[in-house]
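No lab work stands behind these numbers, since they all come straight from the coordinates. Predicted model only: the values in this text are computed from it and were never measured. Neighbour counts run over all protein chains shown; Cβ positions are idealised from the backbone, glycine included.
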Amino acid sequence: MVKIRLARHGSKKKPVYRIVVAHSESPRDGRFIEQVGLYDPTRTPTLVQFQADKLAAWLKKGARPTQTVAQLMRKSSLPGAAS
């Protein structure tokens, strides 16, 4: 199964997350298929960027967002975040 999820990067106590498309069996920060966005919770205001065309294409192919990514999509008012 293919999931759209967060991969943690950045330094200690200063996380930056990539929003990636990855196989569900691969490790959190490991191999991924494609990067579709960025999330930086340490900024004020919080930075959430999506590449809408890539995200829509993966959702159309059947990739399922995790709960956290779905919340970020809802806050960014992107389509396909209803799940």
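Assorted remarks:
- Total charge dipole magnitude, the chain, about the Cα centre, Cβ charges on Lys, Arg, Asp, Glu only, Debye to nearest 20: 220
- Tally of Lys pairs whose C-alpha atoms are under 28 Å apart, taken over the chain, 8 or more apart or cross-chain: 14
- For the chain: rounded, prolate or oblate by the Cα gyration tensor [a/c cutoff 1.5]: oblate
- With K and R counted +1 and D and E -1, the other residues having a Cβ less than 9 Å from that of THR66 yield a net charge of +3.
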